[in-house]
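The values are calculated or read from the model by the stated rules, or taken from the named source; none is laboratory data. The model shown is predicted, which means the values in this text are computed figures rather than measured ones. Counting neighbours? That spans all protein chains shown, and the Cβs are built from the backbone with ideal geometry, glycine included. Heavy atoms of the whole protein, side chains included, go into the accessibility calculation; ligands, DNA and RNA do not. Shrake-Rupley method; radii C 1.70, N 1.55, O 1.52, S 1.80 Å.
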Amino acid sequence: LVAIAAPGAAFAGKIDDRREWQAERIEQGRNDGSITWTEGIKLRAEQRRITRKEAQLASDGYLSASDRRVINDMQNTATRNIKSESNDGWHRLFGLPRVGK
């Protein structure tokens, strides 16, 4: 039983690690101005959607391989969106304070 649960648990850790990394990237972008307030709102909403989807898929206590693939695809899209918003040329004006969350 432990050997069967271990791969799922390892993947759950990977999901959590990616979620943390993505949240840090969003905050870093908000702090340095490369992610605007509205972009930050959209990116955080995407993170909440991923979390809700993971909870929905794991409601039976198990993430199947297809469930993990769905979450991984959503996280891949989120990573691309974070990178895109960070590099889209829209920045907080220099010298202005950060506003919002």
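I need every pair where a residue in the range 14-31 that is under 15 Å from ALA45 (Cβ atoms) and among the charged types (D, E, K, R) has its Cβ under 7 Å from the Cβ of a residue that is part of a helix (DSSP H, G or I) and open to solvent by less than 70 Å² (accessible area, probe 1.4 Å), sequence separation at least 6 or different chains.
Correct list of pairs: ARG19/GLN47; ARG30/GLY40.
Looking at the range 18-48 only, could you name the residues that are open to solvent by 50 Å² or more (accessible area, probe 1.4 Å) and among the hydroxyl-bearing types (Ser, Thr, Tyr)?
Passing the criteria: only THR38.
Among the numbered conditions (1) assigned to a helix (DSSP H, G or I); (2) among the aliphatic types (A, V, I, L, M); (3) modelled with pLDDT of 90 or more, tell me where LEU63 comes up short.
(1)
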